[in-house]
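Single-structure report; data block below.
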Amino acid sequence: MMMRNWLLPFSLCVLLSLSACQEKSSENSAENGRSEAEKSQQTRFVTIGTGGVTGVYYPTGGAISKMVNQKREDYNLRATVESTGGSVFNVNAIMEGDLEFGIVQSDRQYQAYNGTDDWKDNPQKKLRAVFSIHPESVTIVAGADTGIKSVPDLKGKIVNIGNPGSGQRGNAIDLFEAAGIDWEKDLDARGIKAAESAGMLQDGRIDAFFYTVGHPNGSIKEAAAGARKVRFVTVDKGIVDKLVSKYPYYAPAEIPLKMYPGVENESDVPTFGVKATLCTSEDVPEDVVYAITREVFENLDEFKTLHPAYEVLARENMLQGLSAPLHPGAIKYYKEAGLME
Ligand code: GLU
């Protein structure tokens with residue numbers, strides 16, 4: 001499982017740096033040289049909601065925390081990461097005040113703020129955008145023995161379209177609708193969490209699964225490294241065009257085969273995609289959002305080394321794909337940095 005080659009050292013590194021912070025923090029509280037005002041400023045804790053541990057959101061939460069925790073003393077701030085059910089779960093938990101931040105697909109950000117789809121007639125007007133991160137593509141992995149090559153072949157099959165809190169579930173439903181397939185009748189749709197998909201495909205308990213995710217990621221590597229051969233399902237141009245013209249948040253995308261040796265396709269796989277974005281609530285203090293934005297942007301070169309899916313990141317494109325209003329803490333940094341007027 002190649003995923004572990006980079007995920008494990010990374011997680012260890014986050015854990016070690018967190019425990020280092022804890023030790024330092026107790027040393028510091030014993031320190032006499034600090035002013036009373038400084039001492040009375042308690043460290044504030046914020047949690048970033050991510051996704052399954054084999055996706056890209058989870059290490060992304062780790063990477064963002066790492067950036068801001070390096071300056072823990074300057075900001076009196078400690079960020080921690082939580083593995084969650086994905087985008088929809090994250091929006092709802094931010095709105096409930098259970099999470100301060102969450103990584104959310106750009107399509108889900110749009111739907112939540114505008115009150116469509118999972119938030120029909122229930123717009124989340126307190127949702128705020130911070131920045132966008134890596135591109136994600138709607139990825140469909142099928143057992144090669146199932147004969148599934150393109151979307152119509154999914155009919156009659158057992159397909160994990162994603163748990164209700166995930167981002168991919170809505171993408172799967174949109175895709176089936178555009179392809180004229182009734183997902184509730186024409187196939188056996190399951191609602192399993194992404195972290196379990198690869199194992200279930202390898203065990204023959206499902207024929208295919210959907211995952212809207214950055215590449216490369218641990219989940220697809222796990223699916224591709226097993227005894228059962230797999231193939232990516234192509235989304236024909238006609239369907240991609242339909243989706244892109246109907247919805248403002250979809251764009252054509254390709255899954256690069258070179259990242260997944262052993263997968264049975266012959267060339268890069270056409271599909272459609274969105275962007276991962278960092279979201280928060282209007283209620284989160286300005287200086288907290290400012291600190292996170294500033295540390296990620298000022299240390300972007302270091303940030304980009306933390307996951308191969310960040311290769312295409314540049315400061316300018318991290319303000320694209322956002323549909324909720326920007327949080328004032330993010331605006332403050334963008335103005336300072338000359339990224340906004
Ligand atoms: N896009 C997926 C979701 O919103 C999560 C992908 C990941 O964890 O990297 O549920």
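Based on what the data block shows, is Ala198 within 16 Å of the ligand (Cβ to nearest atom) and of a type outside the set (D, E, K, R)?
Here the answer is yes, as Ala198 does meet what is asked.
Among the residues of segment 273-307, write down those that are in a helix (DSSP H, G or I) and in contact with a Pro (Cβ under 6 Å, 6 or more places away or on another chain).
Within segment 273-307, Glu286 is the sole residue that qualifies.
Of all residues in segment 243-286, which are within 18 Å of Gln111 (Cβ to Cβ), among the basic types (Lys, Arg) and more than 16 Å from the ligand (Cβ to nearest atom)?
Within segment 243-286, just Lys246 meets the criteria.
So how many residues does segment 181-195 have that are buried (at least 16 other Cβ atoms within 10 Å of the Cβ) and within 14 Å of the ligand (Cβ to nearest atom)?
4
Of the residues that sit in segment 55-69 and are within 16 Å of the ligand (Cβ to nearest atom) and open to solvent by 10 Å² or more (accessible area, probe 1.4 Å), which one is nearest to Gly214 (Cα to Cα)?
So the residue we want is Tyr57.
Which condition breaks for Thr80 when tested against (1) out of contact with any Ser or Thr (no Cβ under 6 Å at 6 or more places or on another chain); (2) within 24 Å of Lys304 (Cβ to Cβ); (3) away from the ligand (no atom under 16 Å from the Cβ); (4) not aromatic (Phe, Trp, Tyr)?
In the conditions (1) out of contact with any Ser or Thr (no Cβ under 6 Å at 6 or more places or on another chain); (2) within 24 Å of Lys304 (Cβ to Cβ); (3) away from the ligand (no atom under 16 Å from the Cβ); (4) not aromatic (Phe, Trp, Tyr), Thr80 misses (1) alone.
Hey, any hits in segment 331-339 for a residue that's within 16 Å of the ligand (Cβ to nearest atom), crowded, with 16+ Cβ neighbours inside 10 Å, of a type outside the set (S, T, N, Q) and modelled with pLDDT of 95 or more?
Checking segment 331-339: not a single residue is within 16 Å of the ligand (Cβ to nearest atom), crowded, with 16+ Cβ neighbours inside 10 Å, of a type outside the set (S, T, N, Q) and modelled with pLDDT of 95 or more.
Select from segment 326-341 the residues that are outside any loop (DSSP other than H, G, I, E, B) and either within 24 Å of Lys126 (Cβ to Cβ) or touching a Ser or Thr at 6+ places or on another chain (Cβ under 9 Å) (or both) and list them in ascending order.
Leu326, Pro328, Gly329, Ala330, Ile331, Lys332, Tyr333, Tyr334, Lys335, listed by residue number.
With the checklist (1) on the phi < 0 side of the Ramachandran plot; (2) touching a residue at least 60 places away in the same chain (Cβ under 8 Å) in hand, flag the one item Lys304 doesn't pass.
For Lys304, the exception is condition (2).
Go through segment 201-256 and give me each residue that's part of a helix (DSSP H, G or I) and touching a strand residue (DSSP E or B) at 6+ places or on another chain (Cβ under 7 Å).
Across segment 201-256, the qualifying residues are Leu201, Ser219, Ile220, Ala223, Ala224, Lys237, Val240, Leu243, Val244.
When you look at Ile133, is it within 16 Å of the ligand (Cβ to nearest atom), in a strand (DSSP E or B), open to solvent by less than 10 Å² (accessible area, probe 1.4 Å) and at pLDDT 95 or above, yes or no?
yes
Got a sec? Which of Asp145, Asp207, Asp174 is closer than 23 Å to Glu266 by Cα and either surrounded by 17 or more Cβ atoms within 10 Å (Cβ to Cβ) or within 16 Å of the ligand (Cβ to nearest atom) (or both)?
Result of the check over Asp145, Asp207, Asp174: Asp207.
With the structure loaded, tell me whether Ile161 is over 28 Å from Phe303 (Cβ atoms), within 15 Å of the ligand (Cβ to nearest atom) and open to solvent by less than 10 Å² (accessible area, probe 1.4 Å) or whether it fails that test.
Yes.
More than 28 Å from Leu99 (Cα to Cα) and either of a type in the set (A, V, I, L, M, F, W, C) or open to solvent by less than 10 Å² (accessible area, probe 1.4 Å) (or both): which single residue out of Ala253, Ala276, Ala291 fits that description?
Exactly one of Ala253, Ala276, Ala291 is more than 28 Å from Leu99 (Cα to Cα) and either of a type in the set (A, V, I, L, M, F, W, C) or open to solvent by less than 10 Å² (accessible area, probe 1.4 Å) (or both), namely Ala253.
The values are calculated or read from the model by the stated rules, or taken from the named source; none is laboratory data. Note that the coordinates shown come from a computational prediction; the quantities given were computed from them, not determined experimentally. Heads up, the Cβs are rebuilt from the backbone with ideal geometry, glycines too, and the neighbour counts pull from every protein chain shown. Accessible surface is based on the protein model in full, side chains and every heavy atom, while ligands, DNA and RNA are left aside. Shrake-Rupley method; radii C 1.70, N 1.55, O 1.52, S 1.80 Å.
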